[in-house]
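Notes for the one structure printed next.
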Amino acid sequence: MWQKKVTTVTRLVKKVTDKVSPSARAQRRAFASLRTRFYTDFWKKAAAGIGADIEDMGSSWFLIKKEGNSTFVHGERVMLDTAVTLELAGDKALVYRLLQEDGFPVPQSLVFTLETIEAAYQFQQKIKGDVVVKPMDSWAGQGVTVNIKTPEALKKAAIHASQYGHQLLIENHIQGDSYRLLFLNGEFLDAVRRDSPQIVGDGKSTVKQLVKLENEARTSKQETTALSPLHIDADCKRTLKELNISLNSVPASGEKIVIKKVANQNTKFENHGVRDQVHPDIIALGRDVSTLYRVELAGLDLITTDISKPLSETGGVINEINTTPGLHHHFLVSNENDAVQSGELVLDYILKKYPINR
C-alpha cells in the first residue's frame with residue numbers, strides 16, 4: 001500500500017502557518033541573547049589571549065586590532081572563505097557527489113521532495129536498512145530524523161523536514177558516534193565527540209516538563225552549557241517511543257533519558273574532547289578535504305564507531321563539511337582541560353594572513 005504514488009502534497013502535509021506562540025517567541029529571544037552574550041565574551045577573551053584590542057561596533061560586530069592590523073568578527077562568523085565556498089559547502093547533495101567522485105567515504109543519498117517521495121520509498125527499499133531524512137538546508141539538526149525503519153516513518157520524517165526546506169535528502173543510516181573535527185588552512189586543531197542530548201529525571205516531572213526546565217536552565221545559568229534549545233520534534237518522539245516512554249512519563253530521580261538521537265542540541269556535558277585519539281589517516285583525510293575544496297576554516301563532521309581507526313576499517317563516513325563552523329563546539333566540552341583555544345588560533349591566523357590596516 002505504501003508504494004501508491006502520492007498525487008498531491010496536501011495529502012502528506014498540513015499547511016504550516018506563520019503563527020508562533022508567545023512562549024516560542026520568548027524562547028527564541030532568550031537563546032539569541034544567550035548566543036550573543038557567549039560570543040561577545042568568547043571574542044573578548046580570544047583577543048586578550050593574543051594581546052589584541054577589541055572594539056564593540058554595535059549589532060554584535062567587533063573590530064579586533066593588533067599591531068596595526070585588524071579584522072571583524074560577528075557571532076561565530078569570521079573573515080575567512082569566499083561566498084562561493086560557503087554556498088558550495090551548504091549544498092549537501094553536491095558535496096556528497098564531489099566527495100564520492102574524489103574517493104572519500106560518504107553515505108548513499110538521494111535528493112527528493114514531497115512531490116517525488118516515491119523515489120525516496122524506492123531508495124529505502126533498495127537500502128534494506130535504516131535511513132536518515134533531512135532538509136537540504138538543515139541547521140543545528142533542525143528537521144533531521146534518524147533511524148527510520150518503515151515507509152510510514154519515512155513519510156512522517158519527510159513532512160517534518162519539509163517545514164525547513166522544499167528539497168530533502170535521504171541517506172542510509174551509518175552506525176557510530178558523531179564527531180566534529182576542526183581544520184584551519186589544512187591544519188588539524190581539534191576533535192570533539194558529540195553524544196546525544198539527555199535529560200535527568202527528578203522523580204516528579206514529566207519528560208515534557210523536564211525538557212522545558214532544561215531549556216529554562218540553559219538560558220538562566222551563569223555557566224553556559226548550550227547555545228540551542230531542546231526541541232520536541234519527530235526525532236525526539238521517535239527516540240522516546242523506542243524507549244517505550246512518552247512525553248507524559250515521569251522518569252525516576254537521577255534517571256538519565258536520551259531525549260533524541262541528533263546531537264546538535266546537546267550540552268557541554270555530552271561533548272567530549274578527543275583530539276589525541278584521532279587516527280593519523282583521519283587527520284590526513286580532513287586535511288585533504290579542506291585543501292581540495294579550499295575551505296580555510298572547516299568543521300568536518302564524521303560518523304564512525306572508533307575515531308582511533310581509519311574510516312576504511314570502521315565503515316565510517318564524512319557526514320558534512322561546515323564552513324564558518326561554530327567554534328563553541330570546541331569550548332563547551334565536558335572536561336575544561338580538553339577545550340582548545342580556537343578563537344585565539346583563528347584570530348592570530350587571520351591577522352597575520354589577511355591584515356586590514358585601519
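On a full-extension model of 0.36 nm per residue, what is the gain between R294 and E216, subtracting their alpha-carbon distance, rounded to one decimal in nm? Before the final figure, lay out the partial values.
Values: separation 78, 0.36 × 78 = 28.08 nm, distance 4.01 nm.
Once the chain is fully extended between R294 and E216, it gains 24.1 nm.
In this structure region 85-230 gives 44 Å² per residue of accessible area when probed at 1.4 Å with all protein chains present.
Please give the contour-minus-distance gain from I283 to S312: 0.36 nm per residue of separation, less the Cα-Cα distance, rounded to one decimal in nm.
Between I283 and S312, full extension yields 9.1 nm more.
Using alpha carbons only, how many degrees (0 to 90, rounded to 10) separate the axis of helix 207-220 from the longest principal axis of the chain? For helix 207-220, the angle is close to 10 degrees. The largest-to-smallest principal axis extents of the Cα set in region 179-221 are 50, 20, 12 Å.
Note on region 114-234: percent of Cα-Cα distances in each 5 Å bin, starting at 0 and stopping at the bin with the largest distance, equals 2, 9, 15, 16, 16, 16, 13, 9, 4, 1, 0. Considering only Cα atoms, the convex hull volume of region 38-172 works out to 161 Å³ per residue. Backbone geometry of region 35-52 corresponds, through the Karplus equation with coefficients 6.51, -1.76 and 1.60 at θ = phi - 60°, to 3J(HN,Hα) couplings of 5, 4, 4, 4, 6, 4, 5, 4, 6, 5, 5, 5, 4, 4, x, 10, x, 9 Hz, x marking Gly and Pro.
Determine, from the Cβ-Cβ distance of A48 and A83 and an R0 of 25 Å, the FRET efficiency 1/(1 + (r/R0)^6), rounded to the nearest 0.05. Intermediate results must be reported in sequence, preceding the final value.
On the way: r = 31 Å, r/R0 = 1.23.
Working from the Cβ atoms, E equals 0.20.
Each 10 Å bin from zero holds the following percent of Cα-Cα pairs in region 259-320: 19, 48, 31, 3. Using C-alpha pairs below 8 Å separated by at least 6 residues, the relative contact order for region 166-208 is 27 percent. Straight-line cross-link reach from K155 at under 23 Å between alpha-carbon atoms covers these lysines, not counting any fewer than eight positions away in the same chain: K4, K5, K14, K15, K92, K126, K128, K134, K237, K241, K260, K261.
The orientation-averaged projection of the convex hull spanning the C-alpha atoms of the chain amounts to 19.3 square nanometres.
Mean residue ellipticity at 222 nm from the helices of the chain, using -39,500 (n - 2.57) per DSSP H segment of n ≥ 4 over the full residue count, to the nearest 500 deg cm²/dmol?
Value at 222 nm, helices only, nearest 500: -10500 deg cm²/dmol.
Simple point charges give the picture: +1 on the Cβ of Lys and Arg, -1 on the Cβ of Asp and Glu, and for region 278-358 a dipole about the Cα centre of about 440 debye. Using R0 = 45 Å, the C-beta based FRET efficiency linking H74 and E101 works out to 0.85. Remark: C-alpha extents of region 304-358 on the principal axes read 50, 25, 16 Å, sorted largest to smallest. Using a probe radius of 1.4 angstrom, the carbon and sulfur fraction of the accessible surface of region 84-126 is 52%.
Before I look further, what does region 274-332 give for accessible area per residue, probe 1.4 Å, in whole square angstrom? Working shown, then result.
On the way: 2340 Å² over 59 residues.
Heavy-atom SASA per residue in region 274-332 reads 40 Å².
Rounded to the nearest 10 degrees, the inclination of helix 151-162 to the longest alpha-carbon principal axis of the chain is 40 degrees. Spin-label model, Q163/K241: points 7 Å from Cα along the beta carbon direction are separated by 1.5 nm. Overall size of region 206-333 from C-alpha positions, given as principal axis extents largest first: 49, 34, 25 Å. Place a point 7 Å from the Cα of K353 along the Cα-to-Cβ direction; which residues of region 56-75 have their backbone N under 20 Å from it? Residues 64-75 fall inside that zone.
The values are calculated or read from the model by the stated rules, or taken from the named source; none is laboratory data. What you see is a predicted model; the values in this text were computed from it and never measured. As a convention, Cβ positions derive from the backbone with ideal geometry for all residues, glycine included, and neighbour counts pool all protein chains shown. To get the accessible areas, we keep the full protein, side chains included, count just its heavy atoms, and leave off ligands, DNA and RNA. Shrake-Rupley method; radii C 1.70, N 1.55, O 1.52, S 1.80 Å.
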